[in-house]
1. Could you grab me the full set of residues in the stretch 47-68 that are over 13 Å from the mean Cα position of the chain (by Cα) and of a type outside the set (S, T, N, Q)?
2. Among what's in the stretch 40-79 and is out of contact with any strand residue (DSSP E or B) (no Cβ under 9 Å at 6 or more places or on another chain) and of a type in the set (Lys, Arg), pick the residue that is nearest to Arg94 (Cα to Cα).
3. In the stretch 157-178, what count of residues is obtained for those that are crowded, with 16+ Cβ neighbours inside 10 Å and part of a loop (DSSP other than H, G, I, E, B)?
4. Would you mind listing the strands (runs of 3 or more DSSP E) fully within the stretch 1-48 where at least 1 residues are modelled with pLDDT of 95 or more?
5. Being closer than 19 Å to Thr135 by Cα, in contact with a Pro (Cβ under 9 Å, 6 or more places away or on another chain) and free of Cβ contacts under 8 Å to residues at least 60 places away in the same chain: is that true of Glu78 here?
6. Assess whether Gly154 counts as being part of a loop (DSSP other than H, G, I, E, B) and modelled with pLDDT of 90 or more.
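The values are calculated or read from the model by the stated rules, or taken from the named source; none is laboratory data. Please read these numbers as outputs of a predicted model, since none were measured by experiment. Virtual Cβ from ideal backbone geometry, glycine too; neighbours counted across all protein chains shown.
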Amino acid sequence: MHAAISQVVEWAVGLHRTYGADHLHFITGSCYRRLPLLGSARDRDRFFSILEQTRQHYRFVVVGYVVMPEHIHLLLTEPEMGNPSTVMQVLKQRTARALLPKTQRKDPRQRNLFGDEPRRRAFWQARFYDFNVWTTKKRVEKLRYMHRNPVKRGLVESPQQWRWSSYRFYLLEEAGPVRVNEGWTEIPFRHRAA
């Protein structure tokens, strides 16, 4: 890693993220309190729509993904616009807006007879985990981990049965709702092994 091209972003004490080194990023984001807020097929499909829109807008390559009922894993390049933190912020905000129940505005003249108004709950945990991947071995390890996750959790018997992962792209070259490896050759990588 060259110090001249790397940028370290620090969000909180002990949390460092390294950007600008042409690494892939293995990102884990969890739903608020690990609740299964992505538990329905409809909600996972909506997440994919938002991820694909975000991918196109910020111009990054999705190398792999899995969407589980209470968390997501993404393996992606750094975007041409912004950085992975920007991408995650947008992805999380748009998902929350789309999937959280809408609160109806009440007439302020109406008294609340039953106590406090229910608060709009969060959709995502505040932070996300980001692991830099710069070797082929580690890239394959992370893809296998993601693709085996639904099997390990007992949601399906084999990875190809879980349609909310990139496994079918790699197994059958089946295009999914999120384009995998699209633009890979257009992204300038110093270390092709990533």
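1. His57, Tyr58, Arg59 - these are the residues of the stretch 47-68 that are over 13 Å from the mean Cα position of the chain (by Cα) and of a type outside the set (S, T, N, Q).
2. Once the filter is applied, the top-ranked residue is Arg46.
3. Within the stretch 157-178, residues that are crowded, with 16+ Cβ neighbours inside 10 Å and part of a loop (DSSP other than H, G, I, E, B) number 6.
4. In the stretch 1-48, 24-30 are the strands (runs of 3 or more DSSP E) which contain 1 or more residues that are modelled with pLDDT of 95 or more.
5. When the stated conditions are applied, Glu78 passes them.
6. For Gly154, the condition - part of a loop (DSSP other than H, G, I, E, B) and modelled with pLDDT of 90 or more - is met.
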